[in-house]
Amino acid sequence: MENDWKDKLLQWCSVLCALCSVVVLLALYVFIAGESWPIWRDAGIRSILLNADWQPLRHPANFGLLTMFVSTLWSSLGAMFLAVPPGICCGIFLAEYAPQWLASVLQTILRLLTGIPSVVYGFLGASVIVPWYERVLGVPSGESLFCASLVLSVMVVPYIVAGTYAAYKSIPAAYREAGYMLGVSKVYLIARILTPLAYRGTVGAVTLAFGRAAGETMAVLMLAGNTLTIPVSWFSKGEPLSALIALEIGTAEIGSRQYQALFAAGLMLLLFVTSINFSINYLSSRRRD
């Protein structure tokens, strides 16, 4: 009876926490949408989303967010391109190959990496990666979306590694024992038996890392170049949505068109990350079915 009471209490606490998370997320959406609604209504969705001209001080002003959205795609997707393969491989290594003492040491280091402030990553990127980029390519200014993606990949790798490690460790030992009894190799066991079972956990880790990369501010602010031109390649300069908000929110008058447009940029970024999360979860659930 006592265990049943504890289980029910834990269940209700879990439900309450989940409901609170949903309420907070909905409240965030409502607040940002409410602050940005006048600019959506007056300027129009097409003018904001498909216009590449951001000139809030001109008369008439332009509040196009296309340039910043494309920069966000380049920096965040580029970071995932660099971080996902080594992150998943490192997580599998820690879960299936590394001895326990080595896995514990590396996990501690990874947890320390997640606690480093993003401004420190940005400073190191500006001090080390940008000069290296200038020397290798022979360009006068090394700030670019590539440098931002490179630093972002370092920032999100610990999330991918931790999620992949937890996903593989959660698989019951009976699956491994059954595979070895059938005489399969360890590589085959991991690739054909464990990986499908750990698929959802790995996808969840990648999704979390993507949200972290897309919403990062200080690193991209210091490394992306902050130019209001549409980037034509990964090595161009750009200004992601988060950098735009950080640069101009302090100087925008409350209630002004610029202020509303910055909230529109925040809503756009939030919708982008949310849609990616829902899409990945939907595709992974269909794969599981």
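The values are calculated or read from the model by the stated rules, or taken from the named source; none is laboratory data. Computed from a prediction, not measured in an experiment: that's the story for all the values here. Neighbour counts are summed over all protein chains in view; Cβ atoms, including those assigned to glycine, are modelled from backbone coordinates with ideal geometry.
Among the residues of the range 133-153, those that are among the β-branched types (Val, Ile, Thr) and either part of a loop (DSSP other than H, G, I, E, B) or surrounded by 23 or more Cβ atoms within 10 Å (Cβ to Cβ) (or both) comprise Val139, Val151. Test Ser76 against the stated conditions and say whether it is closer than 30 Å to Leu194 by Cα, in contact (Cβ under 8 Å) with a residue 60 or more places away in the chain, assigned to a helix (DSSP H, G or I) and of a type in the set (S, T, N, Q). When the stated conditions are applied, Ser76 passes them.
In the range 159-184, the qualifying residues are those that are surrounded by 14 or more Cβ atoms within 10 Å (Cβ to Cβ) and part of a loop (DSSP other than H, G, I, E, B), and the one that is farthest from the chain's Cα centre (by Cα) is Val184. If the condition is being part of a helix (DSSP H, G or I) and either surrounded by fewer than 21 Cβ atoms within 10 Å (Cβ to Cβ) or among the hydrophobic types (A, V, I, L, M, F, W, C) (or both), then the range 233-259 contributes Leu241, Ala243, Leu244, Ile245, Ala246, Leu247, Glu248, Arg257, Gln258, Tyr259.
Scanning the range 207-232 for residues that are under 17 Å from Phe123 (Cα atoms), over 13 Å from the mean Cα position of the chain (by Cα) and assigned to a loop (DSSP other than H, G, I, E, B) yields Ala224, Asn226.
The criterion of being buried (at least 20 other Cβ atoms within 10 Å of the Cβ) and either modelled with pLDDT under 85 or of a type in the set (Gly, Ala, Ser) (or both) does not hold for Ser104.
Taken over the range 237-259, the criterion of being of a type in the set (S, T, N, Q) and touching a strand residue (DSSP E or B) at 6+ places or on another chain (Cβ under 8 Å) is satisfied by Gln258 alone.
Only one of the listed residues (Val187, Val156) is part of a helix (DSSP H, G or I) and within 26 Å of Val128 (Cα to Cα). That residue is Val156.
The residue that is nearest to the chain's Cα centre (by Cα), among those in the range 88-101 that are hydrophobic (A, V, I, L, M, F, W, C) and surrounded by 15 or more Cβ atoms within 10 Å (Cβ to Cβ), is Ile88. Being small (Gly, Ala, Ser) and modelled with pLDDT of 90 or more: is that true of Ala148 here? Answer is yes for this residue.
Considering the conditions (1) over 20 Å from Gly44 (Cα atoms); (2) at pLDDT 90 or above, Ala264 is excluded by exactly one of them, (1). When you scan the range 208-229, do you find a residue that is in contact (Cβ under 8 Å) with a residue 60 or more places away in the chain, within 27 Å of Trp40 (Cα to Cα) and surrounded by fewer than 16 Cβ atoms within 10 Å (Cβ to Cβ), even just one? The answer is yes, given that some residue of the range 208-229 is in contact (Cβ under 8 Å) with a residue 60 or more places away in the chain, within 27 Å of Trp40 (Cα to Cα) and surrounded by fewer than 16 Cβ atoms within 10 Å (Cβ to Cβ). Of all the listed residues (Leu182, Leu189, Leu194, Leu208), the sole one being under 19 Å from Leu113 (Cβ atoms) and either at pLDDT below 85 or out of contact with any Leu (no Cβ under 7 Å at 6 or more places or on another chain) (or both) is Leu208.
Among the residues of the range 51-72, those that are buried (at least 16 other Cβ atoms within 10 Å of the Cβ), part of a helix (DSSP H, G or I) and among the aliphatic types (A, V, I, L, M) comprise Met68, Val70.
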